[in-house]
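Quick notes on the structure that follows.
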Amino acid sequence: MRFLNIPKYKYSAGSIFRWLWQAWRGNRLQAILNATLGLLGVVVSLAQVWAVQHAIDVASHTLEGDIYWAVGIIGILILCDFAINISAVWVKNILGIRAQNRMQQNMLDRILRSEWQGREQLHSGDVINRLEKDVTNVVNFLTETIPNTISVLAMFLGAFFYLFTMDGWLALIIIAMLPLFILVSKLYVGKMRQLTRQVRDSDSRVQSVLQETIQNRTLIKTMESDSAMVDKLEDTQSELRHRVVRRTAFSVISNLILNFGFALGYLVAFLWSALRMSAGTLTFGGMTAFLQLVNRIQGPARNLTKMVPAFVSVFTAAERLMELEENPLEEQGDSIEMETPLGIRLDGVSFTYQDHRPNSSSRQILSHLTFDFRPGSCTAILGETGSGKTTLIRLLLALIRPQEGRAYIYNSKEQKSLSPRLRCNFVYVPQGNTLLSGTIRENLRLGSITATEEEMEDALRRACADFVFSLPEGLDTQCSEQGGGLSEGQAQRIAIARALLRGGSVMLLDEATSALDPDTERRLLRNILENNDKTVIFITHRPAVVDYCDQTLRLGE
């Protein structure tokens, strides 16, 4: 294998097969139906060989019989073949998309339930590429390629034994090419797997460039960097084309060698049957059956060579999807809702982001921080950029864990260390525009899926988002990606209303009023704080917000 320059792989073949076996469990019905239809197709195909031989021998008076019945049998078998093909199309189109959707849902659920990573290793475009193309690849392999392989092997064995009953030596000669095929396939798979992985990685990079360019097109236009981004796309696409050419060249040469062997085998079979017919030991119908059976032996062998790229491709796809599952799961279980009022205490908390990139150093963000966010208090967190404000929010939401010290939530009866299961007690409004595409109503229901019309209207009023009621479509007003169609201040107030619907006892607002004018900001703060029933934590640079708080926490000093 060294002369082919094939590297070691991240996952062993055994671990990939185990992962595929787990993935296959949810797709058994479609796989079994496809395998059954494939085996029925094999039976019909071999029956057609016999029917054609029988009809020719009847027509040439080698056998006695009714030629109309003989041709009628061929017609019936052709109709059966049509029915099997139509059924296979229905199974593929109806059950196939369902299987693909189910696997995408499972993968997305796994990603969402995994631990948050401070520095994501994969670009979001790469992740989407994997969830689309690699999932499709795996599902097609499990539901179509494997069943097809079963029917191909059945066809190979059926045709071999049929031919063996007619001429044992010829059948053995045709089968003698298998050891060479297996040896060549082993070398082929190793190199093709490497080349396919390179192509898939390049394809992901192309999608990443496209996605990032579209998402930031306003920035790119204002920086007049249109040509630079198009050039970047061309460079990435050029790398993809180069790798596709290398993979295609290797595949063409490999297939040429194998096809030469198949052609040689067919010529040997043709010569053998022609000599037997010339010697009078084989009828014309028998020679026709000979050649059809040789095709039905070589055809599956050819199909197996075509399936080798499918096996290589699914190994690559499985590797890429397994990488999405590398992050460990967060603590799982039912949410734990605690009695109000709630406070949060930090005792000697320290945190450092670990940077595993070459020649990069890690920097401590929080060092032995101790603070008490008392029940019912309002706290402003202040500090320069990089002082740890965002890191502190992530600690409170249990997205990350303290590396030293302890962080816990408490009331008058109990205290618990912060964990993902306690997030139900928090209301979080992140900085920036966090609206999703869809209606305002759909955005609000992210806060509470069961929210009534009255509850949504009350939340909008408290968030100073009364402007929604004057919109032509009201709550059903459509927003494009990232709240397109609304101003930053409008989007920010709808995001606050969404958070208020959640009803948690601890509110975390990360620069949540940065886009509001002073008067609207003051009205909003009064609405949020008037009942004094929540523990409120602001990350802010706004003096008006600090004035409403009864304590401050300055980071980085």
Ordering 123, 242 from largest to smallest accessible area (1.4 angstrom probe), what's the sequence?
-> 242, 123
Positive-end extreme of charge dipole, the chain - chosen from 474, 447, 147 (charges on Cβ) = 147
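Using Cα pairs under 8 angstrom and six or more residues apart, how large is the relative contact order of the chain, in percent? If you can, show how the numbers build up before the last one.
Values: 719 pairs, mean separation 82.9, N = 557.
So the answer I get is 15 percent.
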Out of the DSSP beta bridges found with both residues in the chain, what percent are antiparallel (nearest 5)?
-> 55 percent
For the range 305-429 the mean separation of alpha carbon contacts under 8 Å (6+ apart) over residue count, i.e. relative contact order in percent, is 30 percent
Acute angle (nearest 10 degrees) that the helix 28-59 long axis makes with the longest principal axis of the chain, alpha-carbon atoms | 20 degrees
Based on the Cβ-Cβ distance of residue 415 and residue 370, what FRET efficiency does E = 1/(1 + (r/R0)^6) give at R0 = 22 Å, to the nearest 0.05?
-> 0.90
Give, as a single signed number, the net charge of other residues whose beta carbon lies under 11 Å from the beta carbon of residue 516, with Lys and Arg counted +1 and Asp and Glu -1.
-> -1
Which value, in debye to the nearest 20, describes the size of the charge dipole of the range 195-246 about its Cα centre when Lys and Arg Cβ atoms bear +1, Asp and Glu Cβ atoms bear -1, and nothing else is charged?
-> 280 debye
Long-range HN-HN contacts of residue 404 with modeled amide H, under 5 Å | 350
Accessible surface of the chain, 1.4 Å probe, proportion on carbon and sulfur as whole % = 58 percent
In Å and from the alpha-carbon atoms only, list the Rg and Dmax of the range 463-557.
-> 14.4, 50
Could you calculate the FRET efficiency of residue 111 with residue 284 from 1/(1 + (r/R0)^6), where r is the beta carbon distance between them and R0 is 51 Å, rounded to 0.05?
-> 0.20
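Over the chain, what lengths in whole Å, largest first, do the semi-axes of the equivalent ellipsoid take, defined as the square roots of 5 times the eigenvalues of the alpha-carbon gyration tensor?
67, 26, 22
Taking only protein heavy atoms and a 1.4 Å probe, what accessible area per residue, in Å², does the chain have with all protein chains in place?
Numbers: 29500 Å² over 557 residues.
Normalised by residue count, the accessible surface of the chain is 53 Å².
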Against the longest principal axis of the chain, how steep is helix 518-529, in degrees 0 to 90 to the nearest 10, with axes from Cα atoms?
-> 90 degrees
Give the angle, between 0 and 90 degrees and rounded to the nearest 10, that separates the Cα long axis of helix 178-215 from the longest principal axis of the Cα atoms of the chain.
-> 30 degrees
Treat every Asp and Glu Cβ in the range 120-169 as -1 and every Lys and Arg Cβ as +1, leave all other atoms uncharged, and give the resulting dipole magnitude about the Cα centre to the nearest 20 debye.
-> 140 debye
Placing each pseudo-label 7 Å from Cα in the direction of the beta carbon, residue 11 and residue 529 end up separated by a distance in nanometres of 5.2 nm
Which one of 402, 494, 551 has its Cα pushed farthest toward the positive end of the charge dipole of the chain, where Lys and Arg give +1 and Asp and Glu give -1 at the Cβ?
-> 402
Farthest toward positive dipole pole in the chain [+1 Lys/Arg, -1 Asp/Glu at C-beta], among 277, 429, 44 = 277
Tell me what the chain gives for mean residue ellipticity at 222 nm when only DSSP H runs of n ≥ 4 count, each as -39,500 (n - 2.57), the sum divided by the residue total, rounded to 500 deg cm²/dmol.
-> -19500 deg cm²/dmol
Lys, Arg +1 and Asp, Glu -1 on Cβ, resulting dipole of the chain about Cα centre, debye, nearest 20 | 2000 debye
Nonlocal amide H pairs with residue 439, under 5 Å, H built at 1.01 Å = 479
Relative contact order as a percentage, the range 440-557, C-alpha pairs under 8 Å and 6+ apart, gives 28 percent
Pull out a ≥ b ≥ c, the square roots of the eigenvalues of the alpha-carbon gyration tensor of the range 65-138, then state rounded if a/c is under 1.5, prolate if not and a/b is larger than b/c, and oblate in the remaining case.
-> prolate
Placing each pseudo-label 7 Å from Cα in the direction of the beta carbon, residue 544 and residue 436 end up separated by a distance in nanometres of 3.1 nm
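The values are calculated or read from the model by the stated rules, or taken from the named source; none is laboratory data. Everything numeric here is computed off the predicted structure, so don't read it as measured data. All Cβ positions, glycine included, derive from the backbone under ideal geometry; neighbour counts span all protein chains shown. The area values use the complete protein model at the heavy-atom level, side chains included, leaving out ligands, DNA and RNA. Shrake-Rupley method; radii C 1.70, N 1.55, O 1.52, S 1.80 Å.
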